[in-house]
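The values are calculated or read from the model by the stated rules, or taken from the named source; none is laboratory data. From a predicted model like this one, the values you see are computed outputs, not experimental measurements. Cβ atoms come from the backbone with ideal geometry, glycine included; neighbour counts cover every protein chain shown.
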Amino acid sequence: MVDNFWPDSGNMKLYEETIQFVGGKETDNLSKKMRFEIMMQLLEKTLQNNTEFDVVECGCWNGHSTRTSATLMQQNGFTGKFHVFDSFEGGLSEFTERDRDEKSAGNESQENDVRAYFESSFDAVKERLKEFNFVHFYKGWIPDRFDEVADRKFSFVNIDVDMYDPIMDSLKFFYPRLVDGGCIYLDDYNYAGFPGAKRAVDDFMKENKPTFFLRMPFGSAFIIK
């Protein structure tokens, strides 16, 4: 069915190439394809307007979106830096009450299983991105290493860290440093398994009024400053 809508989609071809490259085929589904298509179009549009400001990814897991984004940057003459933040072997942040409801993980054991599922190898992800010399990794819990990029300006920020606190911390840090017309993509918005993601964005939006905000019916949302 997807092929009927994207018969010549270069983005979907890149999606398939990168998901195979990082060994993440078991995570493939229609919702993920649609979220990636939106993210890739937003990044490409951002790069058409400027290539000199930096790009950020908060939460890279196995490097699928990271390699996809880096490839698009390379294809579009990107001259800035691509900053990638993740705990890697640490997995997800701790669940708090703002990350729970009747549809979320459940008891402590189930939550620990979810957190462990999102662990990844720092060395393996670096190896998958070694050909891109503009990629810079920051291993650690969000926001512990954000101050290392405090003097930078950003055109595109991809936030995919699932939990209320790291999403809110990411928004508070990067939104003021986002250039006018820049984009923040929010992968986990409206996902039932991580209700804290929507809560964090909604709470942030109460205090901040961007130029444009759009939520997707299949999950995810984005902000244009």
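Answer yes or no: is there a residue in the stretch 191-213 that is out of contact with any strand residue (DSSP E or B) (no Cβ under 6 Å at 6 or more places or on another chain), modelled with pLDDT under 95 and on the phi > 0 side of the Ramachandran plot.
Checking the stretch 191-213: not a single residue is out of contact with any strand residue (DSSP E or B) (no Cβ under 6 Å at 6 or more places or on another chain), modelled with pLDDT under 95 and on the phi > 0 side of the Ramachandran plot.
Could you look through the stretch 5-44, keep only residues that are in contact (Cβ under 8 Å) with a residue 60 or more places away in the chain and surrounded by 14 or more Cβ atoms within 10 Å (Cβ to Cβ), and pick out the one that is farthest from Phe78 (Cα to Cα)?
This residue is Met34.
Applying the selection to the stretch 56-102, what residues are of a type in the set (Lys, Arg) and modelled with pLDDT under 95? Full working, then the answer.
Residues of the stretch 56-102 of a type in the set (Lys, Arg): 67, 81, 98, 100.
Matches in the stretch 56-102: Arg98, Arg100.
From the list Phe156, Phe132, Phe173, exactly one residue is in contact (Cβ under 8 Å) with a residue 24 or more places away in the chain, surrounded by 16 or more Cβ atoms within 10 Å (Cβ to Cβ), under 25 Å from Leu30 (Cα atoms) and among the aromatic types (Phe, Trp, Tyr). Which is it?
On the way: Phe132 fails: under 25 Å from Leu30 (Cα atoms); Phe173 fails: under 25 Å from Leu30 (Cα atoms).
After applying the criteria, what remains is Phe156.
Could you tell me whether the stretch 191-214 includes any residue that is free of Cβ contacts under 8 Å to residues at least 12 places away in the same chain, under 21 Å from Lys153 (Cα atoms) and not in a helix (DSSP H, G or I)?
Yes.
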